[in-house]
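The values are calculated or read from the model by the stated rules, or taken from the named source; none is laboratory data. All values derive from a computational prediction rather than experimental measurement. With ideal geometry, Cβ positions are generated from the backbone for all residues, glycine too; neighbour counts draw on all protein chains shown.
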Amino acid sequence: KAVQAESAFLFYSEEMNQRAKEHLRIESELRQALQHDELQLYYQPKVSLRSGRIVGAEALLRWRHPVRGLVSPGVFIPVAEETGLILELGNWVLEEACRQVRAWKDANLIMPPIAVNLSARQFDRQLPARMADVLQRHQVHPEQIMLEITESLLVRGTENVVAIMNELVAMGLALALDDFGTGYSSLAYLKKFPISTLKIDRSFVIGLPYEENDCAIARAIVTMAQQLRQEIVAEGVETAEQMSFLRELGCDQLQGYLFSQPVPADDFERMLREGKRL
Ligand code: C2E
Ligand code: CA
Ligand code: CA
Ligand code: CA
C-alpha cells in the first residue's frame with residue numbers, strides 16, 4: 001500500500017512538474033512573441049438580429065507561433081494572467097485595436113464599435129488615464145471602442161470598481177459584461193454598474209432551443225436585461241434554430257460561427273465593405 005501511495009505521489013508531482021515547466025516555457029515564449037511581432041488581432045462580427053447588419057466586432061488575440069502555428073488564447077491567456085504578463089499583452093491589444101480602427105477610419109470605412117477584452121488585472125486606477133492616452137495618440141474617438149469585462153471584476157466589486165467604470169463611461173467608452181451567467185453576480189446586482197451590454201455566455205446558447213434549462217436561463221437574462229435597458233448579445237451562435245429562438249426572445253445581437261468565425265482584419269474589412277448581412 002505504502003509503495004502504491006508513494007508512486008502515486010511521485011507520479012502526481014511529476015505531472016505538476018511538467019505543468020510548471022510548460023507554463024515557464026509558454027511564459028518565456030510569450031515575451032518573445034511580444035517582441036517579435038507574433039501577435040495578431042482577429043475580428044469577429046456582431047450582427048443585429050433586427051436588421052441583420054454588422055453592428056460591431058470583438059477583437060480576439062491570436063498568437064502565430066513560429067513552430068507551433070496558431071496558438072489558442074485558451075492556452076496562453078491563463079498563463080499570461082498567472083504571470084502578470086497579461087498587462088503587457090493587454091496594452092499591446094489596446095494599441096493594436098486603436099491603430100487598426102484609425103487605419104480603417106483613414107480608409108473611409110464606416111466603423112461599428114470594436115470591443116476589446118480586458119483582464120481584471122488591467123482594471124485599476126490608472127486604466128482611465130491609459131485609455132485616454134492610447135485613444136489620443138491614435139486619434140480614435142472613445143465611442144469606437146467598447147471594453148468587455150468579466151464578472152470576476154464585479155464580485156471584487158468595491159466602490160473603486162464602480163468609480164473607475166464611471167470614469168470610463170464618462171469618457172465615452174461603453175462597457176460590456178462578458179460570459180454572463182457563468183460567474184456569481186445576480187442581475188439585481190448589476191444595477192450598480194454602468195454596463196450597457198450583456199453577453200450571454202456560449203454555454204447557455206449551445207442547448208437552445210432544445211434544452212429546457214438553457215431556454216429558461218436565456219429567457220431570464222434577456223427579460224431582466226431589457227428591464228435594465230441593456231443591449232443583449234448572444235455569443236457562440238452556431239445554428240439557425242438558436243438564432244430564431246434568440247430573436248423571438250428579443251435578444252439584440254448575435255455573435256458566432258453562424259455568421260462568421262473571428263477573421264483577420266482584411267477579411268473583416270471586406271465584410272464591412274460588401275455589407276455582408278445575416
Ligand atoms: P471570449 O471573450 O468569451 O471570446 C469568445 C470566444 O468564443 C472566442 O474564442 C471565439 O472565437 C469563440 N467563439 C465565437 N463564436 C463561436 C461559435 O459559434 N462557436 C464556438 N465554438 N466558439 C465561438 P477565442 O478567440 O479562442 O478566445 C478565447 C478566450 O480568450 C476569450 O473568450 C477571452 O476570454 C480570451 N481572450 C481572447 N483575446 C483576448 C484578449 O485580447 N485579452 C484578454 N484578456 N482575453 C482574451
Ligand atoms: Ca469577450
Ligand atoms: Ca465571451
Ligand atoms: Ca465565453
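General observations
- Residue within the range 189-204 that is within 16 Å of ligand 2 (Cβ to nearest atom), at pLDDT 95 or above, surrounded by fewer than 22 Cβ atoms within 10 Å (Cβ to Cβ) and assigned to a strand (DSSP E or B) present: no
- Evaluation of Gly181 against the conditions (1) surrounded by fewer than 16 Cβ atoms within 10 Å (Cβ to Cβ); (2) within 16 Å of ligand 3 (Cβ to nearest atom); (3) at positive phi shows that the sole unmet condition is (1).
- Subset of the range 42-72 [of a type outside the set (Ser, Thr, Tyr), within 16 Å of Val263 (Cα to Cα) and touching a helix residue (DSSP H, G or I) at 6+ places or on another chain (Cβ under 9 Å)]: Gln44, Pro45, Ile54, Ala57, Ala59, Leu60, Leu61, Arg62, Trp63, Arg64, Val71
- Of all residues in the range 159-183 being part of a loop (DSSP other than H, G, I, E, B) and touching a Pro at 6+ places or on another chain (Cβ under 8 Å), the one that is nearest to Pro113 (Cα to Cα): Leu173
- Filter pass, Gly69 being surrounded by fewer than 14 Cβ atoms within 10 Å (Cβ to Cβ) and either of a type in the set (Val, Ile, Thr) or closer than 25 Å to Leu198 by Cβ (or both): no
- Residue pairs meeting the criteria (Cβ under 7 Å; at least 6 apart or on separate chains; first assigned to a helix (DSSP H, G or I) and acidic (Asp, Glu), in the range 261-278; second at pLDDT 95 or above and surrounded by 12 or more Cβ atoms within 10 Å (Cβ to Cβ)): Glu269/Trp104; Glu269/Leu109
- If the condition is being touching an Asp or Glu at 6+ places or on another chain (Cβ under 7 Å) and within 10 Å of ligand 1 (Cβ to nearest atom), then the range 207-257 contributes Glu235, Gln255, Gly256, Tyr257.
- Of the strands (runs of 3 or more DSSP E) lying entirely inside the range 37-118, those carrying at least 1 residues that are of a type outside the set (Ser, Thr, Tyr) and away from ligand 2 (no atom under 16 Å from the Cβ) are 39-48, 54-65, 69-71.
- Where a residue in the range 215-231 is outside any helix (DSSP H, G or I) and its partner, wherever it lies, is loosely packed, with under 15 Cβ neighbours inside 10 Å, with Cβ under 9 Å and at least six apart: Leu228/Lys191
- Among the candidates Val79, Val134, Val101, Val75, the residue that is within 16 Å of ligand 4 (Cβ to nearest atom) and among the aliphatic types (A, V, I, L, M) is uniquely Val75.
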